[in-house]
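S.K.: Quick one: this structure, given as structure tokens, is what I'll be asking you about.
The values are calculated or read from the model by the stated rules, or taken from the named source; none is laboratory data. Owing to the predicted nature of the structure, the values given are computational and were not obtained by experimental measurement. Note that each Cβ is placed from the backbone with ideal geometry, even for glycine, and that neighbours are counted across all protein chains shown. Accessible surface is based on the protein model in full, side chains and every heavy atom, while ligands, DNA and RNA are left aside. Shrake-Rupley method; radii C 1.70, N 1.55, O 1.52, S 1.80 Å.
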Amino acid sequence: MVQLFGTGGGLLSPDPPSGSAATGAARTLAEPTAQIGGLPATVLYSGASPGLVGVWQVNVRIPANVRPGAAVPVILTLGGQVSNSVTIAVQ
């Protein structure tokens with residue numbers, strides 16, 4: 001599993017008060033999809049990062065058959081919007 005952090009995850013439920021850290025699992029209303037190494041990856045959680053203000057956390061299971069490498073591309077799609085591509089190392 002890999003944890004990705006960013007901003008712009010959209011509306012949450014329950015929605016923490018503006019400027020306040022999430023105290024528990026506040027999931028995004030829309031569920032993102034993920035690709036790792038060009039393969040579909042299972043999103044385990046998408047929502048506020050507990051204890052942080054305005055941070056979107058996405059927990060993704062790395063596909064078992066992904067090709068290992070030092071710069072494996074990761075892409076998220078949420079609400080029709082595609083993220084910038086980032087890379088992770090996979091052994």
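S.K.: If I ask for residues that are of a type in the set (A, V, I, L, M) and open to solvent by 70 Å² or more (accessible area, probe 1.4 Å), which ones from region 1-24 would you list?
M.R.: Step one: list which residues in region 1-24 are of a type in the set (A, V, I, L, M), which gives 1-2, 4, 11-12, 21-22.
Scanning region 1-24 gives MET1, LEU11.
S.K.: Within region 8-26, work out how many residues are among the polar types (S, T, N, Q), within 23 Å of GLY79 (Cα to Cα) and part of a loop (DSSP other than H, G, I, E, B). Show your work before the answer.
M.R.: Going residue by residue through region 8-26, those that are among the polar types (S, T, N, Q) are 13, 18, 20, 23.
Still in the list and also within 23 Å of GLY79 (Cα to Cα): 13, 18.
Imposing the further condition that a residue be part of a loop (DSSP other than H, G, I, E, B) reduces the set to 18.
Result for region 8-26: 1.
S.K.: Something else about it: Quick one: is LEU52 in contact (Cβ under 8 Å) with a residue 40 or more places away in the chain and either farther than 22 Å from SER18 by Cα or not in a strand (DSSP E or B) (or both)?
M.R.: Details: in contact (Cβ under 8 Å) with a residue 40 or more places away in the chain: no; either farther than 22 Å from SER18 by Cα or not in a strand (DSSP E or B) (or both): yes.
No: the conditions fail for LEU52.
S.K.: While we're looking at this one, here's another question. Going through region 66-78 one residue at a time, which ones are open to solvent by 70 Å² or more (accessible area, probe 1.4 Å) and either at positive phi or outside any strand (DSSP E or B) (or both)? Break it down into steps so the answer makes sense when it comes.
M.R.: From region 66-78, those open to solvent by 70 Å² or more (accessible area, probe 1.4 Å) are 67-68, 70; that's our starting set.
Result: ARG67, PRO68.
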